[in-house]
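One structure is given below, encoded as structure tokens.
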Amino acid sequence: MELSHLPDIKVCITGGYLSGGWFAVVGDMAQRNTSEIFVDKVFIGVDGIHPEHGLTTNYPDQAAIHRSMMKQARQRIVVADHRKIGVLGSSLIWPAREIDTLVTDKATPDEAIASFTERKIAVLRA
């Protein structure tokens, strides 16, 4: 909603069902629509990111939408704070080796991000 006020940003609404209090859109319509568009960048929030097991969530419906969006993006950016690094959720979203950037917080220790930087994944601490 914040981005909708910026003149150079186009916000695409996929349709589908609104899930939970976090404004996630899920369902067949959302999955079909996300598979038909191409985007420059996708930002994905996760419940867990593990260097070998990948990006995960505890919500299978959202995993499907996230996968569809990741397939269509030129640049894949994952957002995960220090509590989610090395954690596994119940549903796989995407292999970690296929992301471009990991955005995390300053509380994330160097050891937690070392395996990502070794794989040439850019890590930004904010």
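The table for this structure:
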| read-out | value |
| --- | --- |
| Tabulated pairs, the stretch 104-122, first assigned to a loop (DSSP other than H, G, I, E, B), second open to solvent by 60 Å² or more (accessible area, probe 1.4 Å), C-beta under 6 angstrom, 6+ apart or interchain | ASP105/HIS82; LYS106/ARG125; ALA107/HIS82; THR108/HIS82; ARG119/ARG97 |
| Test: residue in the stretch 57-72 that is part of a loop (DSSP other than H, G, I, E, B), at pLDDT 85 or above and either among the acidic types (Asp, Glu) or open to solvent by 50 Å² or more (accessible area, probe 1.4 Å) (or both) | yes |
| Output for the stretch 74-90, where each listed residue is in a strand (DSSP E or B) and crowded, with 19+ Cβ neighbours inside 10 Å | ARG76, VAL78, ILE85 |
| Residue check for ILE99: out of contact with any His (no Cβ under 7 Å at 6 or more places or on another chain) and at pLDDT 95 or above | yes |
| Residues of the stretch 1-56 satisfying the condition of being open to solvent by 50 Å² or more (accessible area, probe 1.4 Å), in a loop (DSSP other than H, G, I, E, B) and closer than 15 Å to GLU98 by Cα | GLU52, HIS53 |
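The values are calculated or read from the model by the stated rules, or taken from the named source; none is laboratory data. Here the structure is a predicted model, which means the values were calculated and not measured. Virtual Cβ from ideal backbone geometry, glycine too; neighbours counted across all protein chains shown. Side chains included, ligands, DNA and RNA excluded: accessible areas come from the protein's heavy atoms. Shrake-Rupley method; radii C 1.70, N 1.55, O 1.52, S 1.80 Å.
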